[in-house]
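Asker: Input: one structure, supplied below.
The values are calculated or read from the model by the stated rules, or taken from the named source; none is laboratory data. All values reported here derive from a predicted model rather than from experimental measurement. Neighbour counts are summed over all protein chains in view; Cβ atoms, including those assigned to glycine, are modelled from backbone coordinates with ideal geometry. Please note that ligands, DNA and RNA were not included when accessible areas were found on the heavy atoms of the full protein model with its side chains. Shrake-Rupley method; radii C 1.70, N 1.55, O 1.52, S 1.80 Å.
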2 protein chains.
Amino acid sequence: MKTRDKILLSSLELFNERGERNVTTNHIAAHLAISPGNLYYHFRNKSDIIYEIFLEYEKLVDFYLDIPEDRAMTLDDMTFYLESVFDGLWSYRFFHRDLEYLLDSDQRLRQDYRDFTNRCLASISRIFEKLAEAGIIEPQEEDLRSAMSLNVWLVITNWMAFLKTAHAAEESACLTLTELKQGIYQVLTLEIPYLTPAYRERVMALREKYRPALHDREDPGAAACK
Amino acid sequence: MKTRDKILLSSLELFNERGERNVTTNHIAAHLAISPGNLYYHFRNKSDIIYEIFLEYEKLVDFYLDIPEDRAMTLDDMTFYLESVFDGLWSYRFFHRDLEYLLDSDQRLRQDYRDFTNRCLASISRIFEKLAEAGIIEPQEEDLRSAMSLNVWLVITNWMAFLKTAHAAEESACLTLTELKQGIYQVLTLEIPYLTPAYRERVMALREKYRPALHDREDPGAAACK
DNA sequence: GACTCACTAGAGTATATACTCTAATAATAC
DNA sequence: GTATTATTAGAGTATATACTCTAGTGAGTC
């Protein structure tokens, strides 16, 4: 593997693990057993590394959220979207953590992220539209649909931050992909009132699969670590 | 005013304005025209300053979210809770921005914030319960109510971060309290499906007051700065 | 074998950051 | 007044951080 790619991979790994703020270019170089000079041969600065990682993330999510327009949407599609988005969120979880600082220090990223958000919101809204077309949820006016999409976005993008703070008593390493996906339970909660009678039971059953284990709620401190 | 209090006040101001990460203890001292030594006479370290600010924030929100148990809840109460919580969020807005890092570097804060979150979630859930008792929303099972409360919490605590990133093309100084309160529109969106017929119109009218101006959605870049 | 060029090592630098130390001054207690 | 305590200034320090500079190495080309 090329050094440049190794730098990106290691950076992502370290960022996710320790948070971007706690990872210096020297750490990255040391982790790869290369010299800082070598790192700076491949990237002008730390921001450039982060920007490239963002581009990967963006590409991944854009790929996941590509809505096929030639056929109706199914419940499986919806599940796939939710699962995929949370997968992506997990793989690039450092990103939303330090988002504001990152955007403050990189113009390009700021603009690109803004466009990215708008694309995601449009996709979520389109998904709602197609779910209505498929008779899974009741159709809603555009106004409400876009406000709902925004709420979905807020829940999705901040679910992990919530988990981290709720689990704050333990090691951060305790966070697992499974727990992260309990966010799906929260997203489906938003949909409940809009479900059609025909699909209500099926979606509720789906939601049940992601329900957080009881002890997570009543005594988060006692949760066992993986 | 005592130096100690001035330090807390200036710190909060600078943190809110530039983000905790971009504000050093030397900046704070310089801003107050006192020496760094003076600052460190009053506080052992930066974390201590942040912790004290958190205690103020916590006190404020706890005060706001004190639910009177001796009478029924009104729509005005609900409005008050929403307005107050967003006021608090605005006054201590640096806090949620760098939350994860802050919790990572301060044990006390981690534990206290966790308890704080749980208290807030309980309060939100209690508000829903009392809104149902007052006939404003339909009563819900506890399960659903707590999932809804969590969604409300996610929307509230992350509304500002969203605004910041959505407005990312402009100066961050553009963010106003008014815009922040459009978060109330989003929270009320969550309630819509649960409103009783008796109150539906009134709540929808209330929600309308917080609706974001059209241009904010369609062309955020063109929004005029205060 | 000379040359190029992508790549790498590693020492080095300017600056910043959190924090300390000493000495002095103002406020208060007795 | 004197002693004590609270407060402040300001120079200083150890460390970290992002990044630079110079001097290469090794693989391929002609």
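Asker: Grab every C-alpha pair in segment A:1-94, bin the distances at 5 angstrom width from 0 up to the longest one, and report whole percents.
Answerer: The percentages, shortest bin first, are 3, 12, 22, 19, 14, 10, 8, 6, 4, 2, 1.
Asker: Within segment A:9-27, what residues put their amide N at less than 17 Å from the label point 7 Å along the Cα-to-Cβ vector of A:Leu60?
Answerer: Within reach of a label on A:Leu60: A:9-20.
Asker: Check B:Ile137: other-chain or 5+ apart residues with amide H under 5 Å from its amide H, H built from backbone geometry?
Answerer: B:Ala132, B:Thr196
Asker: Right, another one. Using a 7 Å offset from the Cα along the Cα-to-Cβ direction at both B:Gln107 and B:Arg119, what is the distance between the two label points in nm, to one decimal?
Answerer: It is 2.2 nm.
Asker: Could you check the spin-label model distance between A:Glu17 and B:Arg18? Points 7 Å from the Cα along Cα→Cβ, value in nm.
Answerer: For A:Glu17 paired with B:Arg18, the spin-label model returns 3.2 nm.
Asker: Normalised by the residues of chain B, what does the relative contact order come to in percent, with Cα pairs under 8 Å and at least six apart? Before the final figure, lay out each step's value.
Answerer: Details: 186 pairs, mean separation 41.0, N = 226.
Here the relative contact order equals 18 percent.
Asker: Send over a whole-number figure in Å² for the accessible area per residue of segment B:46-222, probe 1.4 Å. Provide the component values of the computation, followed by the final result.
Answerer: Details: 7300 Å² over 177 residues.
Counting only protein heavy atoms, the per-residue value for segment B:46-222 is 41 Å².
Asker: Kindly provide the helix-only [θ] at 222 nm of chain B, computed as the sum of -39,500 (n - 2.57) over DSSP H runs of four or more divided by all residues, to the nearest 500 deg cm²/dmol? Numbers along the way, then the final one.
Answerer: Numbers: 13 runs with 162 residues, N = 226.
Helix contribution divided over all residues of chain B: -22500 deg cm²/dmol.
Asker: Of the heavy-atom accessible surface of chain A (probe 1.4 angstrom), what whole percent is carbon and sulfur?
Answerer: On the way: 5320 of 10220 Å².
Solvent-exposed carbon and sulfur of chain A make up 52 percent of the total.
Asker: Still on this structure, please answer the following. Under 17 Å Cα-Cα from A:Lys164, which lysines qualify once same-chain neighbours fewer than 8 residues away are excluded?
Answerer: Filter leaves A:Lys181, A:Lys226.
Asker: Follow-up question, since we're still on this one. What residue among A:Phe162, A:Phe95, A:Phe15 shows peak mean-square fluctuation when chain A is described by a Gaussian network model with Cα springs under 10 Å?
Answerer: A:Phe162
Asker: Once you keep just the Cα pairs under 8 angstrom separated by 6 or more residues, what percentage relative contact order results for segment B:1-43?
Answerer: Working: 25 pairs, mean separation 16.0, N = 43.
About 37 percent, as a whole number.
Asker: Per residue, what volume in Å³ does the Cα convex hull of segment B:46-222 take up?
Answerer: Values: hull volume 21.5 nm³, N = 177.
Looking at segment B:46-222, the number lands at 122 Å³ per residue.
Asker: Would you kindly derive the ³J(HN,Hα) couplings of segment B:36-45 from the backbone phi angles with the Karplus curve 6.51 cos²θ - 1.76 cosθ + 1.60 (θ = phi - 60°), listing them in order in whole Hz, with x for Gly and Pro?
Answerer: With coefficients 6.51, -1.76 and 1.60, one gets x, x, 4, 4, 6, 6, 8, 9, 5, 6 Hz.
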